[in-house]
1. Taking only region A:289-299 into account, find how many residues are without any contact (Cβ under 8 Å) to a residue 60 or more places away in the chain and facing chain B (nearest Cβ under 8 Å).
2. Of all residues in region A:131-163, how many are in contact with a Ser or Thr (Cβ under 6 Å, 6 or more places away or on another chain) and within 22 Å of residue A:206 (Cβ to Cβ)?
3. Give me the pairs, please: first residue somewhere in region B:175-197 and under 22 Å from residue B:41 (Cβ atoms) and at the interface with chain A (Cβ under 9 Å from one of its Cβ atoms), second residue anywhere and assigned to a helix (DSSP H, G or I) and basic (Lys, Arg), beta-carbon distance under 9 Å, and either six or more positions apart or on two chains.
4. Please verify whether residue B:92 is touching a residue at least 24 places away in the same chain (Cβ under 8 Å) and within 15 Å of residue B:314 (Cα to Cα), treating the condition exactly as stated.
5. Within region A:152-169, does at least one residue satisfy the condition of being within 27 Å of residue A:309 (Cα to Cα) and away from every other protein chain (no Cβ under 14 Å)?
6. What residue, among those in region A:97-112 that are away from every other protein chain (no Cβ under 14 Å) and not hydrophobic (A, V, I, L, M, F, W, C), is farthest from residue A:209 (Cα to Cα)?
7. Condition test on residue A:115, is it among the hydrophobic types (A, V, I, L, M, F, W, C), within 14 Å of chain B (Cβ to nearest Cβ), in a helix (DSSP H, G or I) and within 21 Å of the chain's Cα centre (by Cα)?
Amino acid sequence: MKERSKKVKGKSEEGKFFPFPFFLLPSAFSRRLSPTGNKGDAIFHLAISATSVIVVLIVIAMIMALASHATVSIRQFGFSFLTSREWDPIKGHFGSLAFIYGTIVSSLIALFISVPLSLGIAIFLVEQAPPVISRPITFLVELLAAIPSVVYGLWGIFVLAPFLRLHVEPLLARWFGWLPLFQGPITGIGLLTGGIILAIMVTPIISAVGRDVLAAVPRTQREAALALGATKWESTRVVLVNGAPGIAGAVILGLGRALGETMAVTMVIGNRPQISASLFQPSYTLASVIANEFTEATADIYLSSLVELGLILFLVTFVVNAVARLLVWRVTRGTLGAAA
Amino acid sequence: MPSLKIIRRGKIALALISLAAFAIASCSGNPGSEIRLQGAGATFPNPLYQKWLSEYGKLHPNIKIDYQSIGSGGGIKQIQARTIDFGASDSPMKDEDLKAAPGEILHVPTVLGAVVITYNLSGVSQPLHFSPDVVADIFMGKIKKWNDARIKADNAGANLSDTDITVVHRSDGSGTSAVFTDYLSKISAEWKEKVGAGTSPNWPVGIGGKGNEGVTGQVKQTPNTIGYVELAYAVQNNLPTAPIKNKAGNFIEPTIDAVTAAAAGSVATTPEDLRVSITDAGGATAYPISSYTYILAYKAQTDETKGKALVDFLWWGIHDGEAFAKDLRYAPLPADIVKRAEAKISSITAGGKPLRGGQ
C-alpha cells in the first residue's frame, strides 16, 4: 500500500508538466480531495489520466472504424485513389486528388486573409485599445465564433457571393488578371469565396486565442522595453516575439477548423471536383463531398470511397498539423536563439 | 459553508430528478396495445409523409408511426438490413439490390413529383421554352451562349442576350438529380454514354448548389444561370419554370395535373412490379420530367400485428392520403395505378396469411 502510494505520488509529480484546466473542476470537489494527501491525489491522478486515455482511445477507434469501412475502396483503387482526380459515382470511378487540393487551398486562402487580420485585432485589443473599446470588440469577435456555420453559408450565397461577383472579383481580374489565379468567368461562387468564408469563420478563433496569448506575456517585458526607450511599436515587437509559439498554436487551431468546415464552404465553393489554377473556378473539399453524397450512396464501393475520403481528411489534418508544429518549433527556436 | 451545502443538495436533487425523468422515459416503451412502426428513406416525400403520420395518428391513436428522411439510399440500405418496418425511395430499387435483400420487397407508389428547369436571364418576359436536345446540350456544356440558334428556335421573339450560360446542379446526392439525369439519358444518347443517370452524376459543366435551396439561391443570385429543382419547391418559391417539349411534341408547363398525366400516359408500359421510370412519357399533356416515389415493404411480414398496421396505413395512404397531396404540391396517383397499388398491398402476408381482408 505504502509503496503503491509512493509510486503514484511520483507519477503525479511528473504530471505537473502538463497544464491541466483546474478551473473546470468544481472547487468543493478538489478542496475535499487535495488536503488529505496521498489517497485523494491518487484518485485525482487516475481520474485525469482516464480522461486523456479516453481521448486517445476515441481517436484510435475512429481511425480503425474508418479504415475497416474503407477497405473495399482501398483494395480496389489502391494508391491511385490519391492521384486520380476523377469522381464518377455512376461509372464507379473514384479518386480524391481534386478534393485534397480544394481542402488545402481553401484553408490556405483562409489563413492568408485571417492571420494578419486576427493578429491586428489581438495586438490592438491587448496593446492599444482602452477597455471601453476593447471589451465590446472582444465580445463581437467572440460572437462571430458562435454563429452556426449554416448561417454563414446562407449569408455566403445571398450576400457575400453577389458582393464578390459585382465588386471584388472584377477588380481582381482587371488588376491581377495577368496571374492565372484570377482568370476565367466570374460567378461569385468558387474557391476564392470558399476561402473568404473560411477566413471569416476562423478569425474569431485565432484572434481570441492570440489575444489571450499576448495578454499572458509578462507586463515587465513591455515595461523593460519602454524603459530602454523603445517606441510602442518596438515594445509590441518584443511582446510578439515572446508570444510567437502561442500565436502559432492559435493559427494551427484556426487551420484545424478551416480544414474540417463543411456546411458554409459547400454552399459557396461550387462543389465541382476539379483542379484549376483560377481561384474564380468552382472547387470541392473533402468534408463537403462526404456531407453531400453520404445519404444517397448505396453501392458498397461508393460508400467505401466516401469513408476513405474521411480517412484522408483525417490524414491531411494530421500531416498539416505536424508540418505546422514543425515550422513553429524551428521558427521559435530561431527567435529564442536570436533573443538570447 | 451552509450555502455550499445548499448548492450541493440542489445538485443532488437535480441529478435525482433527471434520473427519474430518464427512467420514466425509458419505461414508457410499450404500454398495452400500442403498435410502433418505423420508416425511413427519401427526403422528397417527407413533408407529405409527416402529414400522413399526423393525420393517421389522429384516426388511430394506438398506432405510432415514425418516419425519418435519411435519403433514398439510406432507406434502401435500412430495409435490406430489416432495421425498419418500411423504407422509402424516389427511384425504384435496382435488381441487384432486390436480390441482396433477405426477402421479396414490394414497391408501393405513393405520389408523383417532377423536376423543373428554372433560370435567371434578364430581359426575358415570357417563360423560355426548351426542346429535350437543347436541355441536354446545355447541361452537357455544348450550348454555351443564351443566344444560341437552337435556344432561339424554340423562343421566337425572346430577347436572348449574348452571355455565357452558367449551369447550376445539385451537389448533394439526390433523387431530383436521379430523375433529371434519367430523363437526359433517355433523350440523349451522348448523355447516356458519357454521364449516365444517378443521384450524384459527374456533371460535365457547372457549379453545384446544396439542396433545392442551394440551387435556387445560386440561380437567383447569379445572372445568366440555369438549374433544376423539384416542382413543389419551384411552385412554393414562385420561380420561373420552363415548359419542356414532350414526346408528343407539345411544350408542357410543369403543373401537378401534367405530372399525373405523365403517370397515366405510362400505364400501358408500367410493369407488374410497378418499378418504372416515367420520364419522357407519352401522352399529349404529359410533363416529361416526372417520377413516382415509393414506399418499400417486405411481402412476407414477420410480425402479424405490425404487418397488419403497415398494410392498413398504406391502404389509407393511397386512398384518403392522396387528398393531402395537392396542397403540398405533390401529384396524386392516377386511378389505374391506385388499383394496381391496391393489389400490391393486398398481397402482403404474415406467416402465409394475407393481412388485408374483410374490407
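The values are calculated or read from the model by the stated rules, or taken from the named source; none is laboratory data. Being a predicted model, the structure only gives us computed values, none of them experimental. Every residue, glycine as well, gets a Cβ built from its backbone with ideal geometry; the counts of neighbours run over all protein chains shown.
1. 6
2. Residues flagged as in contact with a Ser or Thr (Cβ under 6 Å, 6 or more places away or on another chain) and within 22 Å of residue A:206 (Cβ to Cβ) within region A:131-163 amount to 1.
3. B:197/B:186
4. no
5. No, every residue in region A:152-169 fails to be within 27 Å of residue A:309 (Cα to Cα) and away from every other protein chain (no Cβ under 14 Å).
6. For region A:97-112, the residue satisfying everything is A:101.
7. Against the criterion (among the hydrophobic types (A, V, I, L, M, F, W, C), within 14 Å of chain B (Cβ to nearest Cβ), in a helix (DSSP H, G or I) and within 21 Å of the chain's Cα centre (by Cα)), residue A:115 does not qualify.
Per-residue answers, yes or no, for (1) closer than 23 Å to residue A:315 by Cα; (2) facing chain B (nearest Cβ under 9 Å); (3) among the aliphatic types (A, V, I, L, M):
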site	(1), (2), (3)
A:249	yes, no, no
A:255	yes, no, yes
A:260	yes, no, no
A:272	yes, yes, no
A:283	yes, no, no
A:286	yes, no, yes
